1. What is the chain's relative contact order, in percent, from Cα pairs under 8 angstrom and six or more apart in sequence?
2. What does the helix-only formula give at 222 nm for the chain: each DSSP H stretch with n ≥ 4 adding -39500 (n - 2.57), the total divided by the residues, and the result rounded to the nearest 500 deg cm²/dmol?
3. For the range 342-466, what size does the Cα cloud have along each of its three principal axes, sorted from largest down, in whole Å?
4. As a footprinting exposure proxy, order Ser361, Ser335 by other Cβ within 10 Å, with the fewest listed first.
5. Computed FRET efficiency, Cβ-Cβ of Val427 and Ala397, R0 41 Å: what is it to the nearest 0.05?
6. Order of 253-261, 181-189 by packing, highest average Cβ count within 10 Å first?
7. For the range 381-466, state which trypsin sites (Lys or Arg not before Pro) are in a DSSP loop and have at most 15 other beta carbons lying within 10 Å of their beta carbon.
8. For log10 I(q)/I(0) by the Debye sum over Cα atoms at q = 0.06, 0.11 Å⁻¹, one of (1) -0.29, -0.89; (2) -0.38, -1.10; (3) -0.37, -0.96 was computed from the structure I shared and the rest are decoys. Which label?
Amino acid sequence: MNSTIQISPPEKITVIGGGPGGLYFSILTKKAFPDCQIDIYERNKADDSFGFGVVFSDETLGEFLTRDTQSYDLIRSKFAYWDDIVVARDGEKVSISGNGFCGCSRKTLLQLLQQRCHEEGVNLHFEQNIDDVSDFHDSDYIVACDGINSSIREKFKSDFQTTVELKKNKFVWLGSTKPLDAFTYFFRTTPFGTFVAHSYQYEEGMSTWIFECAPETWEKLGFETTNETDTIQKLSELFSEELDGHALISNRSHWRQFPAITNKNWHKDNIVLLGDAKATAHYSIGSGTKLAMECAIALSDSIVRHGINKEAAFAEYEKLRRNKVEMIQYAANVSLDWFENMNRYINFDFQQFAFGVMTRSKKVTFENLALRDVSFPQKVLQEFNTRINASHINIPAAFTYFQLKKLKLENRIVMAPMGQYQAEDGVPNSWHFSHYTQRALGGLGLIITEMTAVNPNGRITLGCTG
């Protein structure tokens, strides 16, 4: 006999922070619990928005479609779509297709989600700066999604076990009227150091430009953290070719260092973290808003499934999202590290450099790129083979020769050392001969034999060589 488990729905939910994550969580949860009172408290005005555009992938859009068709339809009509990523360096550029993304104005996104909240009956309170949750003692849940500088998280940081690590590069978020038909990384080498602009169009006539450089470069140019006029003047001169006469636009555009934020615990009592308050992902992989909204979906699902059973709801929330968030953060940190060390790569041959940009997070490989745009890996390979004077322009790099000082290897495939532990009194024997010659017949370019002790006392086992 089947029995249905009855849940007790929440009567009141308080959401602190009116960003995309908090708004979307409220929409989904209110649809599931129409009688639940949901209040959103936002420190800014309804039409305030700091920043310019936000980015989503095709996959993320599909998730939005299944969750709230009305939101999807509203947002989709405002998106700028692109399929290409362009890597440009000092006038050289290459376009890589097969990268389905879209962007829209952050302000537009917030206004559309606010509209959906009103339609569903969510209460919106603007110009309300909340840093004390004691006023909400009667709430079943308090969702803290008040951003990177979350006052709620900071108040209970010992409970959440918060870690905030400021990364070294300087960046500033600007806009421009420059039209772009692809997500473009503009690299510019200067006498002061290397700059990169992460840029994309997010609506007709408007594009986002995030400029990034090393702290030494920033200091040499004499930038000032909050001097927006000076920042725009200097960057407009450095990127005059890329901007092509179009202006840069500021919007509280202060130079910052990216804060990598993690929390060992995502909840305390009935308070739960969401969005940048919980976890940040570097803008170079464009996942900040995506991360917040996908976590909003998971948190809403968990509360809908478990009602006021907070322990069960929070456990499911973490089960659904902890690993995924950490994977995204890892990829973002690897990507961030590449940009912090871009001076190491900036003088590579251009196609090799562009390949490094595309594969920097280690989530995309040579083969993945070939599935998206076969012409780009071919350009990378042909440039490489031309430089080393390979016998054929399309030979896979692993099968090209390698000059190791006076030793010329026929290919770049190397067998790592494997301990055999078959030596007799430190002397290799027929076992080793058979082992190594069999592998050599397979065509390896280099075999590294097992480690050899410098004297008998250095042997790890009686079967070690040396």
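Nothing in this text is a laboratory measurement; each read-out follows from the coordinates by a stated rule. Note that the coordinates shown come from a computational prediction; the quantities given were computed from them, not determined experimentally. Neighbour counts are summed over all protein chains in view; Cβ atoms, including those assigned to glycine, are modelled from backbone coordinates with ideal geometry.
1. On the way: 868 pairs, mean separation 71.5, N = 466.
Over the chain, the number comes to 15 percent.
2. Value at 222 nm, helices only, nearest 500: -11000 deg cm²/dmol.
3. 56, 31, 30
4. Ascending number of Cβ neighbours within 10 Å: Ser361, Ser335.
5. Details: r = 38 Å, r/R0 = 0.94.
Computed FRET efficiency for Val427 and Ala397 comes out at 0.60.
6. Per-residue mean Cβ counts within 10 Å order the peptides as 181-189, 253-261.
7. Details: sites: Arg387, Lys405, Lys406, Lys408, Arg412, Arg439, Arg459; in loops: Lys405, Lys406, Arg412, Arg459.
Answer by residue number: Lys405, Lys406, Arg412.
8. (3)
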